[in-house]
1. Among the aromatic types (Phe, Trp, Tyr), touching a residue at least 24 places away in the same chain (Cβ under 8 Å) and within 23 Å of Ile175 (Cα to Cα): is that true of Phe56 in this structure?
2. What number of residues in the range 269-283 are within 12 Å of Asn188 (Cα to Cα), outside any strand (DSSP E or B) and not polar (S, T, N, Q)?
3. Report, by residue number, each residue of the range 244-268 that is among the aliphatic types (A, V, I, L, M), closer than 25 Å to Ser186 by Cα and in contact with a Gly (Cβ under 8 Å, 6 or more places away or on another chain).
4. Cβ contacts < 6 Å: first residue at negative phi, restricted to the range 234-256; second residue of a type in the set (Ser, Thr, Tyr) and assigned to a strand (DSSP E or B), any location; separation 6+ or different chain. Result?
5. Going by the conditions given, is Arg189 of a type outside the set (S, T, N, Q), touching a residue at least 40 places away in the same chain (Cβ under 8 Å) and in contact with a Phe, Trp or Tyr (Cβ under 7 Å, 6 or more places away or on another chain)?
6. Among the residues of the range 46-76, write down those that are among the hydroxyl-bearing types (Ser, Thr, Tyr) and in contact with a strand residue (DSSP E or B) (Cβ under 7 Å, 6 or more places away or on another chain).
7. Working only within the range 5-29, note down all residues that are surrounded by 21 or more Cβ atoms within 10 Å (Cβ to Cβ) and among the hydrophobic types (A, V, I, L, M, F, W, C).
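Laboratory data are not the source of any read-out in this text; all were calculated from the coordinates shown. What you see is a predicted model, and the numbers here were worked out from it, not measured in a lab. Don't worry about glycine lacking a Cβ; one is built from the backbone with ideal geometry, like all the others, and counts go over all protein chains shown.
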Amino acid sequence: MQVATEQAEVRRVLEEVRCSGHSVGFVATMGAFHEGHISLICRSVAENDFTVVSNFVNPLQFAPDEDFEKYPRNLPEDNRHCEIQGADLVFAPTGEEMFRRPPLVSVHVGELAVILEGAHRDGHLIGVATIVTKLFSIVGQCRAYFGEKDWQQLTLVRRLVADLSLPVEVVGCPIVREPDGLALSSRNRYLSGHDRARAGILSRALKHGIEMIKAGESNPAAVVLEMEEMIEPVADKLGYATVVVADSLQMPDSLPASEPLRLLTAAHFGSARLIDNMGYDPAK
Ligand code: PAF
């Protein structure tokens, strides 16, 4: 496995791979791997001839009061996982290599970037859209694997690929969960024992919301209210709990909607802000 720190090297290697008729799979990460990342790498390795993994903690997606400096970093350990899973190339640039000067260009994805996570984390999704577009420009034609855990991010990446006609096929991959339902996240390591025990409420509330829809609840606001009532007394602070149409992220007027739905939530436990979501497809 090769480790590249320069954009030019990545472009050169991947051009050669494509010229020899091989497919490229791409997994964008900020490192601090857990089983969720590993499942993305594994899937890319299984479905492509060559897998490139980027490992870059993107400063553009952290608000000034967030954990950019503190964000867990462990490149040697991450590289070891990439190698074990069979990745071919790791792109681990420095901040200086990615941004020789503060960028003037950013990628805005309209409403999709300012609701939900965007409303709670100022500029976060614009920072994500900007770095993902830059990484796609470096990697070129590929299949790109993103976790469903960041559902809004996945939706936004699909939309930017479609709107900008980027030569990328976006593949959404299922959330990996702990036995009690907690979705894996690099931020789970910030949870104390007490916070960790409470955090399982997120997946229980989402499951309850889905059960309500399955049982015929027609009012999305009623589903939202019951999820809120489950999470609020347990978490330190509720960010949101909502039911939306999966690809527009807009709340349907009534249930059951004809399109797939997504139930999403965010809440604080101690110093960690966790997000989670689950899907409901009326056709299944
Ligand atoms: O999901 C993440 O880890 C990040 O948001 C991403 C997609 C690597 C962009 O920095």
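1. Answer is yes for this residue.
2. The qualifying residues number 1.
3. Once the filter is applied, which keeps residues that are among the aliphatic types (A, V, I, L, M), closer than 25 Å to Ser186 by Cα and in contact with a Gly (Cβ under 8 Å, 6 or more places away or on another chain), the range 244-268 yields Ala246, Leu263, Ala266, Ala267.
4. Close Cβ pairs satisfying both conditions: Ala241/Thr265.
5. Values: of a type outside the set (S, T, N, Q): yes; touching a residue at least 40 places away in the same chain (Cβ under 8 Å): yes; in contact with a Phe, Trp or Tyr (Cβ under 7 Å, 6 or more places away or on another chain): no.
No, not satisfied.
6. Thr51, Ser54
7. Matches in the range 5-29: Val10, Leu14, Val24, Phe26, Val27, Ala28.
Rundown of residues vs (1) closer than 20 Å to Arg143 by Cα; (2) not acidic (Asp, Glu), yes/no style:
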site	(1), (2)
Gly31	yes, yes
His37	yes, yes
Arg43	yes, yes
Phe50	yes, yes
Glu66	no, no
Thr94	no, yes
Glu97	no, no
Leu104	no, yes
